[in-house]
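Below you'll find the structure, written out as structure tokens, and then a few comments.
The values are calculated or read from the model by the stated rules, or taken from the named source; none is laboratory data. Worth saying up front: this structure is predicted, and the values here are computed from it rather than measured. Methodologically, a virtual Cβ is constructed for each residue, glycine included, from the backbone with ideal geometry; neighbour enumeration extends over all protein chains shown. Areas reflect the complete protein model, heavy atoms only, side chains present, ligands, DNA and RNA absent. Shrake-Rupley method; radii C 1.70, N 1.55, O 1.52, S 1.80 Å.
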Amino acid sequence: MKIGTGMTTTQRVLAVLATACLLAAGGTAAHASAPASVPATAFGQAGPLSATEVGPLAETLISQGRPATASSVETASFPASNAVDGSATTRWASLEGVDPQWITVDLGAGATVSRVLLNWEAAYASKYKVQISVDGTTWTTLKDETAGNGGTDDITGLSGTGRYLRVHGTARGTTYGYSLYELQVFGSTGGGTPTPTPTPTPTTPTDETVVTSISQLQSAINSSDPGDTIVLKNGSYSVSTAVSLGSSASGSSSAPVTIKAETVGGVTLTGASSFTFSSVHDIIIQGFTFTQSTTIDVGSSSKAVDFVRNEFAFSDAAEHNLIVRSDDSEIAYNWFHGKDSLGVYLGIEGPGSDTVAKNSHIHHNYFSDHNFTGTNGGESIRLGTSPKALSSGGAIVEYNLFENANGDPEAISVKSSGHTIRYNTIRDSKGGIVLRHGNNNKVLSNYITGGNNGIRIYGNDHVIMNNYVADLTEVTGSNGAGITVGSGTLRDHFVGESSESRKKYDAPDRVRIGLNTLVNNASGIVGETQRTVVPLNVTIVDNIIQGSAGVLADVPLMQDFYWRGNILWGSAANGNIPTVGYTRVNPQLAQDSAGVWKIGSSSPAVNAAFMTDHGTWVTDDIEGRQRSGTYDVGAHEVTSNAATRAPLTTPNVGPAAP
């Protein structure tokens, strides 16, 4: 339902509730020296509620701040209470790789439930039940979901009365566990006072060893068992010989070995190196500040080696900061910064020359101040290398913030296949998102603002949807365009081709570019002329392209392109887009408090999408609001649903983020 002047009471209540929930989100910057930013506020256009709108017909959020418990937690950083705290940046996370799992909220005796909203992290449930109970023992199922696909599930029309509301996951949608940013329950309370629900028996050992030297740390690692936590007391430690983690130090998927600083950021490791990894699995490295002069290289003989809440402040003598060749690794809540030399902050590689590591999860990291002045080789994230182009890795890169990522035109450089790049923010950076090698990658719901490069595409079968690119400028080596459809020096990489052939540019085929908003860039959607193999069968539909510079839509080399439903506006020239592919009309964009240009309820973009099959790839908008019916053109959907995402700022990412 779209918001208009004739909103119902319920719609207005939900809009104000959405505003309240997002305004509650916040945090502390990762470090005092990190640049401060103003967090985005929620969609809050509904206006104040009148007295007549808060009576019996109003739908009430009854779960926020209530006691919550869960079957397990991944770590102490992800308790059940995070799912009912009103913040869109904190979350509950269960143990990885274990079914079933559940989370329960105590609503008080006699609560009546009419609606449940679930905002899933990447680790979603493909099958789950929403259940209610009077006593926490006997459960009545209100909703049985058998085809969950993540994102936001807004479950309406429920009718149940009880004290406890449970989401019971029976099948994971990923190799990870279950994780919810928010579990929101709407209805009415019965006035009962909740009593604490018994805490479930821990499913992992909690043995902890505290050490005060590098030699003690090595000894504790050598004798560790699955589930152990080894704590290095705060201080600065010179590492003369790298701490070795081998197979004997391994944990298990349900009981990893954690090696951590006493407090996050409280331990600084100096010297040439820190840790080495060989045939180790299920390890968490947490809370350290690394200052070393050599690369941390996690070999492919290892698996599930995670880096969480660390600071990477390497010497420029190190070529790269972190290279991960192991499968199933998580890189989360770290801060990479201060590199002025050639090399990447984070590289995902893999075994041998032609295979990329599988199932990497890279999220909530802060990549800042990469100032290498060369023309190539200073990426913030690099997924694969050209020899690995045809290898499918399934990485998820999400909720990362990039600021002053100036070491390369590619802040996120994708050089392999089968990855998802979503929910990231790239601000004031030379680098953009570049699909340089590989096929079947998805670029969804990212913000790129105030830099020099947007999204550039080579290879086949990519999906580019729901992205917002604004205020890019052209500089030497960067065209400042919102989206660039590349041309090629060959048509399709193939198994067995020479290494020189593999380095060439594969002209894009079968690419879908839809529901993006491109505003005030040096150009809108453009092509290339420096290479002569033309892109084929590219679908460009239902985008908003507005600007006063360059051209709005111009691809000189194209064959079998399908342009439909795009909205063009501004004094910039149309370009060579066919007339059937656009309408020139003012989309009535207005800036919100975060400076994002968005449509409003009176925009001609509302309910105007030409294509009806967008739901194959996306079911929500860039802010996490569910789309329904005929989608709105561009990255935003005008709806009464609550926003669950916004442009990231420093409090949302890095070691100190919630």
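Against the definition (in a loop (DSSP other than H, G, I, E, B) and closer than 24 Å to residue 359 by Cβ), how does residue 158 come out, yes or no? In short, no.
Across the stretch 578-594, what is the number of residues that are free of Cβ contacts under 8 Å to residues at least 60 places away in the same chain, surrounded by fewer than 22 Cβ atoms within 10 Å (Cβ to Cβ) and not in a strand (DSSP E or B)? Residues flagged as free of Cβ contacts under 8 Å to residues at least 60 places away in the same chain, surrounded by fewer than 22 Cβ atoms within 10 Å (Cβ to Cβ) and not in a strand (DSSP E or B) within the stretch 578-594 amount to 7. Report whether or not residue 571 is closer than 26 Å to residue 117 by Cβ and either part of a loop (DSSP other than H, G, I, E, B) or open to solvent by 40 Å² or more (accessible area, probe 1.4 Å) (or both). For residue 571, the condition - closer than 26 Å to residue 117 by Cβ and either part of a loop (DSSP other than H, G, I, E, B) or open to solvent by 40 Å² or more (accessible area, probe 1.4 Å) (or both) - is not met.
Filtering the stretch 286-331 to residues that are over 21 Å from the mean Cα position of the chain (by Cα) and β-branched (Val, Ile, Thr) leaves 289, 291, 294, 295, 296, 298. With respect to the conditions (1) more than 24 Å from residue 421 (Cα to Cα); (2) buried (at least 20 other Cβ atoms within 10 Å of the Cβ); (3) in contact with a His (Cβ under 9 Å, 6 or more places away or on another chain), residue 100 lacks only one, and its number is (2). For the stretch 508-520, what are the residues that are open to solvent by 10 Å² or more (accessible area, probe 1.4 Å) and either of a type in the set (Val, Ile, Thr) or under 13 Å from residue 543 (Cβ atoms) (or both)? Of everything in the stretch 508-520, just one residue is open to solvent by 10 Å² or more (accessible area, probe 1.4 Å) and either of a type in the set (Val, Ile, Thr) or under 13 Å from residue 543 (Cβ atoms) (or both), namely 512. Please give the number of the condition residue 94 fails out of (1) hydroxyl-bearing (Ser, Thr, Tyr); (2) within 26 Å of the chain's Cα centre (by Cα); (3) surrounded by fewer than 18 Cβ atoms within 10 Å (Cβ to Cβ). Every condition holds for residue 94 apart from (3).
Given the condition over 26 Å from residue 373 (Cα atoms) and not aliphatic (A, V, I, L, M), answer yes or no: does some residue in the stretch 467-483 qualify?
yes
Restricting 88, 147, 122 to residues that are open to solvent by 10 Å² or more (accessible area, probe 1.4 Å), in contact with an Asp or Glu (Cβ under 8 Å, 6 or more places away or on another chain) and assigned to a loop (DSSP other than H, G, I, E, B) narrows the list to 88.
Within the stretch 125-141, take every residue that is open to solvent by 40 Å² or more (accessible area, probe 1.4 Å) and outside any loop (DSSP other than H, G, I, E, B) and give me the one that is farthest from residue 328 (Cα to Cα).
So the residue we want is 140.
Here residue 537 fits the description: open to solvent by 30 Å² or more (accessible area, probe 1.4 Å) and touching an Asp or Glu at 6+ places or on another chain (Cβ under 8 Å). Scanning the stretch 612-658 for residues that are within 22 Å of residue 426 (Cα to Cα) and aliphatic (A, V, I, L, M) returns 618, 622, 635, 643, 646, 648, 653, 656, 657. In the stretch 337-354, how many are farther than 22 Å from residue 175 by Cα, in a loop (DSSP other than H, G, I, E, B) and open to solvent by less than 50 Å² (accessible area, probe 1.4 Å)? The number of residues fulfilling the criteria is 4. Has the stretch 607-615 got any residue that is open to solvent by 20 Å² or more (accessible area, probe 1.4 Å), within 20 Å of residue 446 (Cα to Cα), outside any loop (DSSP other than H, G, I, E, B) and not aliphatic (A, V, I, L, M)? Yes: one or more hits.
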